[in-house]
Amino acid sequence: AHEIAPSAASLDGRGCVSLLRGEVLQAEEYFLGALEQDPQYAGAIGNLGLLYELSGRNAEALALYREALKRAPHNPALRNNFAAALSEDRGERNMVRRSWATREMRKAAALAFHPIIMGNLKQLEEQ
């Protein structure tokens, strides 16, 4: 019997399910596996960024979000997650990051009128 090799999209999807279940290490394996299949797959790059952000690895998360946005600049979810990660940065350049985060969130809102994006934008603009 022949085994069908998993696609980057299927591995990315499995990673998302694992992440939602709280299976962080398994999710990371799936996302990395997706990137082995297709190093350009923006979904897996962005989802690995989300995993790293949720794990407190913000610098790595921001780098991955930027990389994913190079490949999929019109993806509102990626742009939303990037902006949210920027807004969480508590470094000395906090005001610059907040301004950048607000601009990125406005771009996400222009791409998709979604309640989560609109709520995030409202929060950023009120800060």
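The values are calculated or read from the model by the stated rules, or taken from the named source; none is laboratory data. Computed from a predicted structure; not experimentally measured. Ideal geometry is used to build each Cβ from the backbone, glycine not excepted, and the neighbour counts take in all protein chains shown. For the accessible areas, the whole protein counts, side chains as well, though only heavy atoms, and no ligand, DNA or RNA atoms are used. Shrake-Rupley method; radii C 1.70, N 1.55, O 1.52, S 1.80 Å.
Tabulated data for the structure shown
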quantity: Residue that is among the acidic types (Asp, Glu) and more than 16 Å from Asn81 (Cβ to Cβ), where the choices are Glu53, Glu28, Glu67, Glu60; calculated: Glu28
quantity: Flag for Glu125 being part of a helix (DSSP H, G or I) and either open to solvent by less than 60 Å² (accessible area, probe 1.4 Å) or in contact (Cβ under 8 Å) with a residue 24 or more places away in the chain (or both); calculated: no
quantity: Whichever residue in region 1-37 is hydroxyl-bearing (Ser, Thr, Tyr) and either surrounded by fewer than 17 Cβ atoms within 10 Å (Cβ to Cβ) or modelled with pLDDT under 95 (or both) and, among such residues, is nearest to Gly49 (Cα to Cα); calculated: Ser10
quantity: In region 59-80, residue nearest to His114 (Cα to Cα) [restricted to those that are part of a helix (DSSP H, G or I) and open to solvent by 40 Å² or more (accessible area, probe 1.4 Å)]; calculated: Ala77
quantity: Some residue of region 94-101 being at pLDDT 95 or above, out of contact with any Leu (no Cβ under 8 Å at 6 or more places or on another chain) and among the hydroxyl-bearing types (Ser, Thr, Tyr); calculated: no
quantity: Subset of region 105-117 (residues that are under 17 Å from the mean Cα position of the chain (by Cα) and among the aliphatic types (A, V, I, L, M)); calculated: Met105, Ala108, Ala109, Leu111, Ala112, Ile116, Ile117
